[in-house]
Amino acid sequence: MLRIELTAAASGQPGHGELTVHGWPGGTDGLELSVLRNQDSLYLEAGGGWDSLPVWHAIDGLERRGELLVGSVGPWLVDPLVRDPKMVYRLQLRDAEQSDGGVLRIVGNILSSPAVGHPQPLNEQPRHAPEPVAAPPEPEPPAVEPPLVETPRPDQPLVAERDEEFRAAPALKPQPRKPVRWLPLALGLVLLLGIGLAAYWYFVLRPHTQTPVAAAPAAAPAAAAGGEAGACAGTALAESGDDLTFIQACLKSNPSSARVLEVIDAAKQARRCGVVQRLYAHKAQAGDAAIAFAYAREYDPQTFKAGGCVESADAETAAYWYEIALANDAGNAEAKQRLEALKP
């Protein structure tokens, strides 16, 4: 069984990584790789999609470093694998003489190629502040000649004529003050006071008649709880013909671990393996330690049962789910014991 790891490329370029294979006994010529998605048993295609039939990809550039095979891989492999971090992948490596596989471990934070930022468009020019334009010089104001002052003649009585003109001008009459319209304001205040008194009498002074309130039915919470449980039950699974619709309704009801395990058993009997795999993977990746432990036992060679939705025992996959179970429940002694036994 191989141990396969994918890490970010040393250059840090998104969409590129370094693939390390532990335990491959063969050479580096004519190697082919297939990628199986564990949750739905689909294989990676050449264009990045997923198919139900195995697809083998020629992989070049792997070189021997002691007991390891190490090489760089590009977006054709990195982008589909890091698109959904909750998925579990099994990689199979083969050449003309032998074949072996193992569960892929994605180590560290690896960015896909779409994570590259978008550069600024080339046709967009930077905006500069306009240069100040010197204002044209203001024309000099034309010379204004002083007005001619008529010099009174000695025989002209200037002061007397001005007094006569002042007495002939009409006198300014003072404007009468407008009366203040206080009557509408007073009527508005009286109206508001009347409304306030009427409300005080209605709500405070008026005798009240108590109306008995009907008690809420006590069975409503129980009915609601039954509705939530019904969305994630064996009967709902039998009535639903679409796996995805049932899984969404089941998870939306926030079922307990015991309820999920009951539905998984019902799905096994009905041969609805898509429901089994997806419920196991979703709840385990979400941190449900009991579900992760039960999923690990499906792959554990010691507890594996043939004829179920898991085709064959896989110690590497079992160890993966035991690690998730212990990460959320460190006191699970059986998971710790089995993990130590399965690790090479």
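The values are calculated or read from the model by the stated rules, or taken from the named source; none is laboratory data. Note that the coordinates shown come from a computational prediction; the quantities given were computed from them, not determined experimentally. FYI the Cβ positions are ideal-geometry reconstructions off the backbone, even for glycines, and counts take in every protein chain you see. These area figures cover heavy atoms from the full protein model, side chains too; ligands, DNA and RNA do not enter into them. Shrake-Rupley method; radii C 1.70, N 1.55, O 1.52, S 1.80 Å.
Collect the residues in the range 1-19 that are within 14 Å of residue 70 (Cβ to Cβ), open to solvent by 50 Å² or more (accessible area, probe 1.4 Å) and free of Cβ contacts under 8 Å to residues at least 60 places away in the same chain, keeping them in residue-number order. Hits for the range 1-19 are 10, 18. Tell me yes or no: at least one residue of the range 25-33 is touching a residue at least 60 places away in the same chain (Cβ under 8 Å), assigned to a strand (DSSP E or B) and closer than 30 Å to residue 301 by Cβ. Yes, the conditions are met somewhere in the range 25-33. Any residue in the range 297-312 that is in contact (Cβ under 8 Å) with a residue 40 or more places away in the chain, aromatic (Phe, Trp, Tyr) and crowded, with 18+ Cβ neighbours inside 10 Å? For the range 297-312, residues in contact (Cβ under 8 Å) with a residue 40 or more places away in the chain, aromatic (Phe, Trp, Tyr) and crowded, with 18+ Cβ neighbours inside 10 Å: absent. Scanning the range 50-59 for residues that are open to solvent by 40 Å² or more (accessible area, probe 1.4 Å) and not aliphatic (A, V, I, L, M) yields 50, 51, 52, 54, 56. Against the definition (touching a residue at least 40 places away in the same chain (Cβ under 8 Å) and either touching a Leu at 6+ places or on another chain (Cβ under 8 Å) or open to solvent by less than 50 Å² (accessible area, probe 1.4 Å) (or both)), how does residue 320 come out, yes or no? The answer is yes for residue 320. Filtering the range 266-296 to residues that are under 24 Å from residue 334 (Cα atoms), free of Cβ contacts under 8 Å to residues at least 24 places away in the same chain and either of a type in the set (Lys, Arg) or surrounded by fewer than 16 Cβ atoms within 10 Å (Cβ to Cβ) (or both) leaves only 286. Condition first: within 21 Å of residue 290 (Cα to Cα) and modelled with pLDDT under 90. Can you find one or more residues in the range 234-242 that meet it? Checked the range 234-242: at least one residue is within 21 Å of residue 290 (Cα to Cα) and modelled with pLDDT under 90. A search for C-beta distances below 8 Å between a residue of the range 40-63 that is on the phi < 0 side of the Ramachandran plot and any residue that is surrounded by 14 or more Cβ atoms within 10 Å (Cβ to Cβ) and basic (Lys, Arg), counting only pairs 6+ apart in sequence or on different chains, returns 40/278; 43/37; 44/37; 50/37; 56/94.
Look at (1) part of a loop (DSSP other than H, G, I, E, B); (2) open to solvent by 50 Å² or more (accessible area, probe 1.4 Å); (3) within 30 Å of residue 243 (Cα to Cα) and you find that residue 108 fails only one, number (3). Number of residues in the range 34-49 that are surrounded by 11 or more Cβ atoms within 10 Å (Cβ to Cβ) and out of contact with any helix residue (DSSP H, G or I) (no Cβ under 8 Å at 6 or more places or on another chain) equals 7.
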